[in-house]
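What follows draws every value from the coordinates through simple rules; no lab data is involved. These numbers were taken from a predicted model, which means no experiment stands behind them. Neighbour counts are summed over all protein chains in view; Cβ atoms, including those assigned to glycine, are modelled from backbone coordinates with ideal geometry.
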Amino acid sequence: MANKYLPINIAAKKFRTLVVGGGAVALRKVETLIDYESDLTVVAPEPGDKISYHASKGRIKLETRKYNTPEAAEYGLVISASNDEAVNRQVYEDCQKAGVLVNVVDNPKLCTFIFPAVLKRDALTLSISTDGKAPFLAAHLRIIMENLFPGHWKKIVKLAADFRKKVQARHGDDPKERFASLDRFLEANWKELIKVKNDDELQAELDLLLEPVEEPEEEIEEDAGGNGNRN
């Protein structure tokens, strides 16, 4: 039976992670993990130049040798991208025995976690997965998401994070006004505002959105009989 993968986010910073292999596929995984500041070790008998470069800059630990079973058990997260299928299977088996999450690249049957197609806009992460069944489709949908969430969304995400702090400080004890403020942020035309305002002006715009909106008073009209009608 094929795996079904639970979509979760892992705090990868300083997370002990092992990559087995030193080719182009391993490099892609290494560079992804570097972005998340993992405590990353790469084991490869013949690492590529770019992997060696990352090691020279102190971004990863590189051990130029073959994989030694059962060393994968010492890590929290393992990726195996060796061009030797026997090595990949051994890594998988070592992880299974130790209860360690493992991804054997391009072999869903030997994966207890997979990498979705991801689009990042600052703190906003959008991901698509097909449970490893049709990754080309996930990659295509990621391209569509790039058009739906163009570059200015990085700024919107930063502004949203700033605004949330302001709302909590100003309306922390007032749930009604908290939600009203957030609604006003969501209704604003940030795409246009970002084009015409500098950073200070955008922060001022956030401050304006914190202000409660006064509801207009209802007018009372008298009918011919002197009775008041509320409009």
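In the frame of its principal axes, the chain has Cα extents of 95, 43, 34 Å, reported largest first.
Across all directions, the shadow cast by the convex hull of region 16-114 built on its C-alpha atoms averages 5.3 square nanometres. Seen from residue 128, the other residues with C-beta closer than 15 Å to its C-beta sum to a net charge of +2, counting Lys and Arg as +1 and Asp and Glu as -1. Residue pairs exceeding 29 angstrom between C-alpha atoms, taken from 4/50; 13/109; 50/97; 61/155; 133/158; 13/155: 4/50; 50/97; 61/155; 133/158.
Label sites at residue 63 and residue 89, each approximated as a point 7 angstrom past Cα along Cα to Cβ, lie 2.3 nm apart.
For region 1-136, give the magnitude of the charge dipole about the Cα centre (Cβ charges: +1 Lys/Arg, -1 Asp/Glu; no others), in debye to the nearest 20.
Taking the Cα centre of region 1-136 as origin, the dipole is about 280 debye.
Dipole magnitude for the chain: about 1880 debye, using +1 per Lys or Arg Cβ and -1 per Asp or Glu Cβ, origin at the Cα centre. Summing +1 for each Lys or Arg and -1 for each Asp or Glu among the other residues whose beta-carbon sits under 14 angstrom from that of residue 185 gives +2. Among 205, 74, the ranking by other beta carbons within 10 Å of each residue's beta carbon, starting with the fewest, stands as 74, 205.
The orientation-averaged shadow of the Cα convex hull for region 153-210, equal to a quarter of the hull surface, comes to 3.5 nm².
For region 80-213, the pair-distance distribution built from all alpha carbon pairs, in bins 10 Å wide starting at 0, is 11, 27, 21, 17, 16, 8, 0 percent.
If you plug the beta carbon distance of residue 170 and residue 74 into 1/(1 + (r/R0)^6) with R0 = 41 Å, you get a FRET efficiency near 0.25.
Annotation note: trypsin sites (Lys or Arg not before Pro) in region 54-116 located in DSSP loop regions with a Cβ neighbour count of at most 10 within 10 Å are 57, 65.
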